[in-house]
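Chemist: There's a structure below that I have some questions on.
The values are calculated or read from the model by the stated rules, or taken from the named source; none is laboratory data. Not measured: the values here are computed from a predicted model. Quick reminder, even Gly has a Cβ in these numbers, built from the backbone with ideal geometry, and neighbours come from all protein chains shown. For the accessible areas, the whole protein counts, side chains as well, though only heavy atoms, and no ligand, DNA or RNA atoms are used. Shrake-Rupley method; radii C 1.70, N 1.55, O 1.52, S 1.80 Å.
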Amino acid sequence: MNPSGLEALIQALRCLPGVGPKSAQRMAYHLLQRDRPGAKRLGDAILHALEHVRHCQRCNTFSETDICERCASPRRDPSLLCVVETPVDLNMMEQTLAFPGLYYVLMGRISPLDGVGPKELGLDRLLARALDGEVKEVILATNYTNEGEATAHYITAMLKPKGITVTRIARGVPVGGELEYVDPGTLAQALRERKSCSS
């Protein structure tokens, strides 16, 4: 027996991260009772995205064109390639206004427990991108989790023998942070990665 339209909507909303049965039910009731035009816009936007959004052929982020605007921009430095886990991470890097180069988005990280290895991440595509003749340095900006560290280690081992300079973003005390509120692991890492002061 097929579920009713309401039950199907509730079940569909449960596919979103962090949305359990109660939250999905509240969302469904809200859309049907209070915001039917919003529900229509949501449905249309999802359909449009499914039909038109794909992966950029160069950086692997989401794009409606074969090559995204960032990769096509002549103002970006093609010798610098920053590797991030997700498009959200890419957006955070861009908000710093500190990186002039290009990106490669893994769309995940190595996680054996979840069945994600180098093959599932498509690291062969990253290797081909890094060896395109323009890239001089690959900056690894994966997260400082066990999976992110394993991913960074694997990529380093994959690229270094090919003569590519591989660097890792630093970690340490956040800007504006006070030492009494910084966790010991972050503080220890900040000490290890200290640098000389400029005069």
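Chemist: Run down Val84, Val105 and say which single residue is under 23 Å from Gly163 (Cα atoms) and touching a Ser or Thr at 6+ places or on another chain (Cβ under 6 Å).
Modeler: Working: Val84 fails: touching a Ser or Thr at 6+ places or on another chain (Cβ under 6 Å).
Residue meeting the stated conditions: Val105.
Chemist: Something else now. Please tell me if Arg125 is touching a residue at least 60 places away in the same chain (Cβ under 8 Å) and open to solvent by 30 Å² or more (accessible area, probe 1.4 Å).
Modeler: Numbers: touching a residue at least 60 places away in the same chain (Cβ under 8 Å): yes; open to solvent by 30 Å² or more (accessible area, probe 1.4 Å): yes.
Considered against the rule, which asks whether it is touching a residue at least 60 places away in the same chain (Cβ under 8 Å) and open to solvent by 30 Å² or more (accessible area, probe 1.4 Å), Arg125 comes out as yes.
Chemist: Can you tell me which condition Ile110 does not meet? The list is (1) at pLDDT 90 or above; (2) open to solvent by 80 Å² or more (accessible area, probe 1.4 Å), and all the others hold.
Modeler: Failed condition: (2).
Chemist: Of all residues in region 165-185 being within 24 Å of the chain's Cα centre (by Cα), modelled with pLDDT of 80 or more and farther than 20 Å from Leu90 by Cβ, which is surrounded by the most Cβ atoms within 10 Å (Cβ to Cβ)?
Modeler: Per the stated criteria, the residue is Thr165.
Chemist: Could you check region 81-115 and list, in sequence order, the residues that are over 15 Å from Ile169 (Cβ atoms) and without any contact (Cβ under 8 Å) to a residue 12 or more places away in the chain?
Modeler: Val88, Asn91, Leu97, Pro112, Leu113, Asp114, Gly115
Chemist: Evaluate region 116-132: report whether one residue or more is more than 16 Å from Ile155 (Cβ to Cβ), of a type in the set (Gly, Ala, Ser) and more than 15 Å from the chain's Cα centre (by Cα).
Modeler: Scanning region 116-132 turns up no residue that is more than 16 Å from Ile155 (Cβ to Cβ), of a type in the set (Gly, Ala, Ser) and more than 15 Å from the chain's Cα centre (by Cα).
Chemist: Hey, among the residues in region 142-160 that are touching a strand residue (DSSP E or B) at 6+ places or on another chain (Cβ under 7 Å) and open to solvent by 10 Å² or more (accessible area, probe 1.4 Å), which one's farthest from Asp114 (Cα to Cα)?
Modeler: Lys160
Chemist: For region 177-191, does any single residue satisfy the condition of being among the aromatic types (Phe, Trp, Tyr) and outside any loop (DSSP other than H, G, I, E, B)?
Modeler: First pass over region 177-191, keeping only residues among the aromatic types (Phe, Trp, Tyr): 181.
Narrowing further to those that are outside any loop (DSSP other than H, G, I, E, B): 181.
Scanning region 177-191 turns up at least one residue that is among the aromatic types (Phe, Trp, Tyr) and outside any loop (DSSP other than H, G, I, E, B).
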